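Here the structure is laid out as structure tokens; the discussion comes afterwards.
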Amino acid sequence: MRTKQNYGGLDAFRLLAAILVIANHTSPLTSISLDGDFFLTRILARVAVPFFFMVTGQFVITKFFVSKESAKAELLSYLKKVSLLYIIAILIYIPVGIYAGHYQKLSLYDVFRILFFDGTFYHLWYFPASLIGTTMLYICSRFMSLQKMTIIAGILYCVGLFGDSYFGFIQNVPVIGVVYACAFQIFSYTRNGLFMAPIFLLLGAWMSKFKWKYKKNILVIGVITAFLGMTAEGFLLRSLKVQRHDSMYLMLIPTMFFLYQILMKCKPIQLPRVRLVATWVYILHPAMIVVTRIIGKSLNLSKLLVENSIINFLTVLTLSFLSSYLLVLLIGDLNNKQFQKGRAWIEIHKNALEQNVKFLQEKLPKDCILMPAVKANAYGHGAVMISKALNTMGVRAFCVASVMEGVELRKSGVKGEILILGYTHPKQFSLLWRYRLLQTVVDYEYAVILNQYGKKLHVHLGVDTGMHRLGERSENIARLCMIFDMPNLVIDGMFTHLSAADCMKTKEQIFTKRQIEEFYQLVESLKDIGYTIPKLHMQSSYGVLNYPQIGNDYARVGIALYGMLSTKEDTKSWEDSLSPVLSLKARVASVRTLHPNESAGYGLAYIAEREMSIATITIGYADGLPRSLSNGAGEVLIHGKRAPIIGRVCMDLTIIDVSGISHVKEGDTVVIIGRSENEMISAAELAEKAGTITNEILSRFGSRLERVMK
Ligand SMILES: *Cc1c(COP(=O)(O)O)cnc(C)c1O
């Protein structure tokens, strides 16, 4: 079974990092020891921001190297999220900035510097730095390897060091000193998106590669050594009085390298809403510094709340966490999307889908394009949700059964080619044109009608090699040539469908090989006559798994993409490579006792022999739960145990026997397909019990089921 992504101690460290940032801006130890405060706020606290960059690196920058499409999607969604936060933060800090007297005499050029480098309040530089850093790395990742980028980012960091804690060494060097002085007109610090962010973003991206490589004690020794080095470096630079600023140290890089890996190895601590709270503490704490001052002044407690550095720090810390937590709760409520798991729903496991895509792509020859079948609402999974998710994984070709399925995808913004495998009525031809859909030519007669439409239509030519369902017969060369000659048809592809590729018995194998041969013979004949051969395809799921050697331009994969095959047996033999994408769940509506000789459900079909405990669950045949599972034929899972279906499955409800399963109550989750603790019911098991194949079960899931992406 796949586990949820493990973030180790990263989440807990976010809070610690936020506290360090507050320390950095309140200098808690100044009342006690200046050296101590320098150590805490100018050295130790300097791990916080690089840590945040590395988290972004690990979860965002890594995706730049997966595929072109996923890189772009990831960048855009990250930029959107961070820009929004930045805008909100800017709005919050305009009044604070006015109060602090920051915005007197601003030129247009100051506005540019503040917006893109310095931030509109001192700590907000982090947001433009993240935006610039990730965008720069995205651009570089289009034509550079991770290694090359890391070297360049390393050089940039060194350049930055000399504008930061090593400034004294170059300040008076001819030319260089002047160059830096000029640069500081554009940005006040080198601690920004150009010089500091890139190396830590990339270091984060490297982290998944180092994940289990080093033993924990080596990492601990590493981090201690590096951090001692950084401490020595900091104090030395301070005593030499060369620091212009104190954010960037040479030893900060090895310190972060080891620290981050230790965090990844730590046991995760579950903290509610920790990510958002940490972000808001970061954004809000300077405002809380101001609030603390105002409170101090108005209550005449300045001596205690402001001048005592430790109390000041603790007050700001408390106020920051309180306000952030309240805000996150409030935003959570505002954002509270309609609750989707009230009655009966499908959970989509995106990770499983991604694994299946990867597995199938590896199975196919390199230049063969995966063209998922998302017909019948993506086999019940939800066509729009699945296709959009596939878009982000780099998939850019789809097939559907009907023109309206294609239109729905286009209207929701699905990118790529969409091939309609079935028949489209001539009255709907305008939709093909308007929504850039590819139509299958189902035979010669249909080609004539398509050609008469008048506008040029892009089509794939269906060829019948033995299934005798759709497609022009492969031996009708003359008719096929006439289709190729039709002026209004742009033939982008040609395909056949294998009708017995699921069975590897001798008879079926011979039949399938004959189908393949006939298709290629046709291709050769057309070539000999002088036609340009369009893109070819013939494999569906079983075609890919049983005949992987066929190297075509596309593979039309349906059922396997959803992590299963048609039968229980086949699903079992591929279970190591394919992970089920969907779970089906419902709720307990009511629990009651059934006395001996009482009946449950319609038609006196079930009579209790003994006293039993029964539960009514919120799913029925209108949702796609087959009525053939009535009266003990089917089971569901509750609290990790199997509960048989009793009586007849109704349209909206089903009754199950929960005798012997303790603590069943209204509102409990019932698993119809999927895992509950250590028990599991697969779609294939359910299909077998219902006397059909998984394809039918999945594609009949009703529109009333809500689809939730996990
Ligand atoms: C549905 C369909 C597919 C996909 O089939 P799977 O067996 O689910 O992979 C491929 N080609 C055609 C013509 C189809 O109708």
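Which of the lysines could be linked to K68 by a straight reach, that is with a Cα gap under 18 Å, when you skip same-chain ones fewer than 8 residues away? Reachable lysines: K358, K366, K388, K415.
Show that you can apply the helix-only estimate: for the chain, add -39,500 (n - 2.57) for every DSSP H stretch of four or more residues, divide by all residues, and state [θ] at 222 nm to the nearest 500.
Mean residue ellipticity, 222 nm, calculated: -15000 deg cm²/dmol.
Computed from the C-beta positions of S107 and V490, the FRET efficiency with R₀ = 41 Å rounds to 0.10.
For the peptides 251-257, 393-399, residues were scored by their other Cβ atoms within 10 Å and the scores averaged per peptide; the highest-first order is 393-399, 251-257. Across the chain, the mean sequence separation of Cα contacts (distance under 8 Å, 6 or more residues apart), normalised by length, yields a relative contact order of 11 percent. Here the Karplus curve 6.51 cos²θ - 1.76 cosθ + 1.60, taken at θ = phi - 60°, turns the phi angles of region 634-648 into couplings of x, 9, 10, 10, 9, 6, x, 10, 7, 10, x, 6, 10, x, 8 Hz, with x standing for Gly and Pro. Packing around the peptides 128-141, 169-182, 81-94, taken as the average count of other Cβ atoms within 10 Å per residue, puts them in this order, highest first: 128-141, 81-94, 169-182.
Of the chymotrypsin sites (Phe, Trp or Tyr not before Pro) found in region 471-558, those in coil by DSSP whose Cβ has at most 16 other Cβ atoms within 10 Å are Y531. Restricting region 517-595 to GluC sites (Glu not before Pro) that sit in a DSSP loop and have at most 15 other Cβ atoms within 10 Å of their own Cβ leaves E575. The Cβ shell under 15 Å around A605 holds other residues with a net charge of -1, Lys and Arg each +1, Asp and Glu each -1. Summed over all non-identical Cα pairs, the Kirkwood treatment of the chain gives a radius of 30.2 Å. Electrostatic tally near R587: other residues with Cβ closer than 9 Å to its Cβ, Lys and Arg +1, Asp and Glu -1, net +1.
Between 0 and 90 degrees, the angle of helix 383-392 with respect to the longest Cα principal axis of the chain falls at about 50 degrees.
If you bin all the Cα-Cα distances of region 193-343 at 5 Å, starting from zero, the percentages per bin are 2, 7, 10, 10, 12, 16, 17, 12, 7, 4, 2, 1, 0, 0. Once the Cα atoms are used to define both axes, helix 309-335 deviates from the longest principal axis of the chain by about 20 degrees. Coupling constants for region 451-468 follow from the phi torsions by the Karplus curve (6.51 cos²θ - 1.76 cosθ + 1.60, θ = phi - 60°), and in residue order they are 5, 6, 4, x, 8, 6, 10, 8, 9, 10, 8, x, 10, 8, 10, x, 7, 6 Hz; glycine and proline get x. For E635, the residues 5 or more places off, or on other chains, whose built amide H falls under 5 Å of its own are I645. The loop-placed trypsin sites (Lys or Arg not before Pro) in region 524-623, going by DSSP, that have at most 11 neighbouring Cβ atoms within 10 Å of their Cβ come out as R610. Compared with the dominant Cα axis of the chain, that is its longest principal axis, helix 176-186 is turned about 60°. Taking amide H as placed 1.01 Å from N in the peptide plane, T654 has its amide H under 5 Å from the amide H of I617, I619, each at least 5 places away in sequence or on another chain. For the Cα trace of region 344-437, dividing Rg by the Kirkwood Rh returns an Rg/Rh value of 0.99. Annotation: amide H-H contacts under 5 Å for V649 (H modelled 1.01 Å from N, sequence separation of 5 or more, or interchain): S630, N631.
Note down the net charge around V403, summing +1 for each Lys or Arg and -1 for each Asp or Glu among other residues with Cβ under 14 Å from its Cβ.
Net local charge, V403 excluded: +4.
For the pair region 378-406 and region 304-320, the centres of their Cα atoms are 55 angstrom apart. Shape class for region 184-228: oblate, because the ratio a/c of the largest to smallest gyration tensor axis (alpha-carbon atoms, square roots of eigenvalues) is 1.5 or more and b/c is at least a/b. Kirkwood hydrodynamic radius of region 456-601, from the reciprocal of the average inverse Cα-Cα distance over all distinct pairs: 18.3 Å. Taken along the Cα-to-beta-carbon direction at a fixed 7 Å, the label points for C182 and S412 span 5.4 nm. A Förster radius of 22 Å combined with the Cβ-Cβ distance from K267 to N217 puts the calculated FRET efficiency at roughly 0.85. Label zone (R642, point 7 Å along Cα-to-C-beta; backbone nitrogen cut-off 20 Å) within region 671-710: 671-694. Each part reduced to its alpha carbon centroid, region 125-139 and region 582-620 end up 58 Å apart. Inter-part distance, region 688-703 to region 232-253, computed on C-alpha centroids, equals 66 Å. Stretching the chain fully between S302 and I533 yields a gain of 74.8 nm (0.36 nm per residue, less the alpha carbon separation).
With 0.36 nm allotted per residue and the present C-alpha distance subtracted, the K81-R704 stretch has 221.1 nm of extension available.
In region 207-289, inverting the average of 1/r over every pair of distinct C-alpha atoms gives 15.4 Å as the Kirkwood radius. Rg/Rh, computed from the Cα trace of region 616-710 with Rh as the Kirkwood radius, has the value 0.93.
Phi angles of region 492-497 translate, via the Karplus equation with coefficients 6.51, -1.76, 1.60 and θ = phi - 60°, into HN-Hα couplings of 7, x, 9, 8, 10, 10 Hz per residue; Gly and Pro are given as x. Summarising the label geometry, the points placed 7 Å from Cα in the beta-carbon direction at I155 and K456 lie 4.7 nm from one another. Stretching the chain fully between Q521 and A232 yields a gain of 96.4 nm (0.36 nm per residue, less the alpha carbon separation). With both labels modelled 7 Å from their Cα along Cα-to-Cβ, the V242 to K427 distance reads 8.3 nm. Taking the charge dipole of region 123-273 about its Cα centre, with +1 at Lys and Arg Cβ atoms and -1 at Asp and Glu Cβ atoms, the residue from T134, C266, I199 reaching farthest to the positive side is C266.
Only the coordinates and a few stated rules stand behind these numbers; no lab work does. All figures in this text were calculated on a predicted structure; none of them were measured in a lab. With ideal geometry, Cβ positions are generated from the backbone for all residues, glycine too; neighbour counts draw on all protein chains shown.
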